[in-house]
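Taken together, the values in this text are just the output of simple stated rules run on the coordinates, not laboratory data. Predicted model only: the values in this text are computed from it and were never measured. Virtual Cβ from ideal backbone geometry, glycine too; neighbours counted across all protein chains shown.
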Amino acid sequence: MSDLLPTTSIGTHQVRLDGPDKVRGRAPYAYEHPLDDPLYLYPLQAEIARGRAAHIDTSAAEAADGVVHVLTHTNAPDLEDTEDGELAILRSAEIGFRGQYLGAVIATTPEQARYAAGLVDIGYEQEEHDVELREDHPASREPESGSGDVFAGDFDAAFAEAAVSIDERYSTPMEHNNPMEPHTTVARWDGSELTLWTSTQGAHPARSTLAPILGLDPDRIRIISPHVGGGFGSKGVPHADMMLAALAAIAAPGRPVKYAVSRQQMFSITGYRAPTLQHIRLGARADGTLTAFAYDAVSLSSQTKEFPEEATKPGRMMYAGDNRRLTQRVVPLDVPVPSWMRAPGEAPGMVGLEIAMDELAVAAGLDPIELRVRNEPETDPDTGLPFNRRRLVDCLREGAKRFGWEERNPQPRTRRENGWLIGMGVAASTYPAGRQPGSVARIRRMPAGYEVAIGAADLGTGTWTALSQVAADALDVPIGQVELRIGDTALPNATVAGGSTGLVSWSAAVFAATEAFRAEHGTDPAVGAEAQGEAEANPAAEKFALHSFGAHFAEVRIHPATGEIRLGRMFGMFSAGRIVNPSTARSQFIGGMTMGVGMALHEKGELDPRFGHVVNHDLAEYHVPVNADIARIEAEWLDEEDPHAGPLGARGIGEIGIVGAAAAIANAAFNATGVRIRDLPIFGDAFLPT
Amino acid sequence: MAHSLHLTVDGQEHKLAVDPRTTLLDALRDRLGVMSAKKGCDHGQCGACTVLVDGRRLNSCLALALTHDGSEVTTSDGLAPAGELSTLHRTFLAQDAFQCGYCTPGQVCSAAGMLQEAAEDAPSVVTEDLEGPIELSDAEIRERMSGNLCRCGAYVNIVAAVSQAAEESR
């Protein structure tokens, strides 16, 4: 346990410091830095899902107006390391998924580049492909990069003896992050140094990934990314688009090459949430206490690079029960490479698990909140460690009070208003409280305060503001005296803004730097005095299971004649330690819940088995919630500090808002209609007679 | 083959020559360096590129630049003099009506256009009295702002910001 930092700015409402520039549109995103004489890139993409581009004729494109260079595997710059199948692009004619990059046209204007790309003639040798995920697929295997299976006690015996049980299958669809700013990289190679103005959740991690592949010393790559137009995981690791821009710049040295990925291209290039199939079996005593817990999940992966969407992750630690079995499998097929999307693992996992708990509550004749209360584990069932401070029950009970849960009739299909069926549902939420070591902050005394420099990222998460608040309190000065600099590898190293670890990890570096600065320069330092400090791992992580918790409550209405489902209201109650900025935190919780509404009611990438591409690859057909879909969403939190989270006392909040949100809506739909939803998204046909 | 046109953007006059394939959005961003209008989808599906053209809101990615010869274009950056903030700018800040900020200039322009439409009594699909003056309820604001996507999920706060701006300008 460490001493908590006394706070002046932390915990207070602070308007976003980057806000005035953002509302006017003056904050420069990746495409928008003023650069002279740019070139524009348009990619060539595979139009088959498996096989090879046997011939590529670029002559017509090369002769077209304004074309400077046409890049293909035949002339692409060398790579030093080709292990990473997603990033080692343009190595051969082989095609692993539809949409894979086969090259790029670089021209003087964007119109010329796009037109000339259409002149490239590509002849294919097509092979049979397979993009269809199924539970019994022969290619199913244990992931190479997974968390491993869990077998404890004797599940089969306990399940057979259980007084109450459920045995059901659940599924979550292919989902696409779709940040509003498409992935963009402007790359310039001057013969010795590569500069990338890009949109990334981690400038330093992106550099560490790209440098060995390009065979460049990291010092020869600079990544600049002060403002990021959303990411939700898709900008957490570099995808092939960043590589393509870098290779194009090396092939056309001296001038910046601009590549903004189109919305359509994002569906095959920039990662997605892999679909999952989940088989859940729960066995309990008559009083609802779990004795048998089995969670077998399969997720889609890519032949090009593995990514396990570990739906079983939250099942490892959520509930008690001695006889356990959790298995995670992946099926690598001829599909684009899946990647992080907001709470990978937890978000789809808490769909199946929290609907299953709702089903068990019905089977046991218990209120779903009471069922969860009865299955609170004393220690973490996964590691055996005590929890930091597990306040799930407080979130459920306090949330129930504020939402008005007592008005719910547990009997489905009993509430009708103006011809609509109304229902309420609840689901739990959880996310690990990770903190990464290795970030470094540099503090420098300026004439009017302190400069705090760290290569952190703000993707809408509020870093510009919240990290300034943290630095102000660490240095014990008003926030107006802190000049924060982030988003550049020229600044000290920072870990990724991902997995709800950003602010807490960077704050640890700011605390270390402040300590070093004060030790070296005292409280009245000369202008120019500077020091830096590095974040260490959280020592509490070895002694405690560190997690955040929450509870979602949803009210939906469903029209019995049309099946139309609408969200009436939603309430989230969270336990996340100290809240640094209540304004930006509330926005982030509500934002996660809003994306959860999309998961529940809208989002599904339709992968065409015949051609291997996502058919609805734009924002008109891949539906995300619009303003009219979101009525009342509110989020609150328990007033608390986490004693095991270091001086900040806070845990990250980027993911927890989405986890469990979709299940609460599905459970509300059951309460409204008596129809049990086990497959997302929920479309109106689910409620119509078959 | 370039063709010339005149545009007034945020009060500044420009004469430029563009490829006939150039959209108004690309003319702003790639030719004039006006980056307030954002490209989110390039297909009129997200609203990030919304600007006011002669006072009306428009998806600038769906317009060819040459069809707007002589038009007056206003981006969010042109809604207030440099260093100042418009009412909508202020209420978006006060209500924390954005997170990443990428859709925001489009949201602000859309809100400005929409407030004008409501002031002119133009009904929407959720308007009950098609003849009378428009009461900007939350439902009206949600409906009228639904052409502007926000993936960060700031809708609740956007409605509050637009509502506050409507209130203040009454």
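Tabulated data
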| read-out | value |
| --- | --- |
| Peptide-level mean, for A:582-595, of C-beta atoms on other protein chains within 10 Å | 4 |
| Given charges at beta-carbon only (K, R positive; D, E negative), |dipole| of region B:3-79 in Debye | 180 debye |
| Per-residue ³J(HN,Hα) for region A:301-308, Karplus 6.51 cos²θ - 1.76 cosθ + 1.60, θ = phi - 60°, Hz, x for Gly and Pro | 10, 10, 4, 6, 7, 7, 9, x |
| At R0 = 30 Å, FRET efficiency that the Cβ-Cβ distance of A:D476 and A:E640 yields, to 0.05 | 0.80 |
| Inter-chain Cβ neighbour average for residues B:82-90, partner chain, 10 Å | 2 |
| Relative contact order computed over chain A (Cα-Cα under 8 Å; 6+ residues apart), in percent | 17 percent |
| A:S429 long-range amide H proximity, modeled H, under 5 Å | A:G550, A:A551, A:H552 |
| Alpha carbon centroid spacing (whole Å) that separates region A:304-332 from region A:47-100 | 36 Å |
| Charge dipole (debye, nearest 20) of chain A; +1 at Cβ of Lys and Arg, -1 at Cβ of Asp and Glu | 1600 debye |
| Likely footprinting exposure, A:R342, B:R142, B:R31, fewest C-beta neighbours within 10 Å first | B:R31, B:R142, A:R342 |
| Charge dipole (debye, nearest 20) of chain B; +1 at Cβ of Lys and Arg, -1 at Cβ of Asp and Glu | 780 debye |
| Gyration tensor (alpha-carbon) shape descriptor, region B:3-79, a/c threshold 1.5 | oblate |
| Signed unit charges on C-beta, dipole axis of region B:3-79, positive-most listed residue B:Q12, B:S76, B:G40 | B:G40 |
| Fewest-first sequence of A:I454, A:I269 by Cβ atoms within 10 Å of each Cβ | A:I269, A:I454 |
| Prolate/oblate/rounded label for region A:345-391 (Cα gyration tensor, a/c 1.5) | oblate |
| Listed residue (A:T58, A:S140, A:A88) projecting farthest to the positive dipole end of the protein assembly as shown, Cβ model | A:S140 |
| Residues with amide H under 5 Å from that of A:R578, placed H, sequence gap 5 or more | A:D642, A:A650, A:R651 |
| Computed helical MRE - 222 nm, chain A, DSSP H runs ≥ 4 contributing -39500 (n - 2.57), nearest 500 | -7000 deg cm²/dmol |
| Zone residues, region B:47-62, relative to A:A620, backbone N less than 19 Å from point 7 Å out along Cα-to-Cβ | B:47-51, B:58-62 |
| For the protein assembly as shown: rounded, prolate or oblate by the Cα gyration tensor [a/c cutoff 1.5] | rounded |
| Relative contact order computed over region B:87-168 (Cα-Cα under 8 Å; 6+ residues apart), in percent | 49 percent |
| Amide proton proximity set for A:I677, modelled H, under 5 Å, gap of 5+ | A:F670 |
| Computed [θ] at 222 nm, helices only, for chain B once each DSSP H run of length n ≥ 4 contributes -39500 (n - 2.57) | -8000 deg cm²/dmol |
| Residue (of A:H602, A:P253, A:V426) at the positive-pole extreme of chain A, dipole from beta-carbon charges | A:V426 |
| Rounded FRET efficiency, nearest 0.05, which uses the C-beta distance separating A:E161 from B:L62 and R0 of 41 Å | 0.05 |
| Low-density loop positions, GluC sites (Glu not before Pro), region A:121-207 - DSSP coil, at most 14 other Cβ in 10 Å | A:E127, A:E128, A:E132, A:E144, A:E193 |
| Region A:522-562-region A:335-394 distance, computed between alpha-carbon centres (Å) | 20 Å |
| Restricting region A:260-302 to trypsin sites (Lys or Arg not before Pro) in coil, as DSSP defines it, with at most 15 other Cβ within 10 Å | A:R285 |
| Helix runs (DSSP H) in chain A reaching 27 Å along axis by Cα, Kyte-Doolittle at least -1.0 | A:502-521, A:582-601 |
| Restricting region B:74-154 to GluC sites (Glu not before Pro) in coil, as DSSP defines it, with at most 16 other Cβ within 10 Å | B:E84, B:E120, B:E128, B:E131, B:E135 |
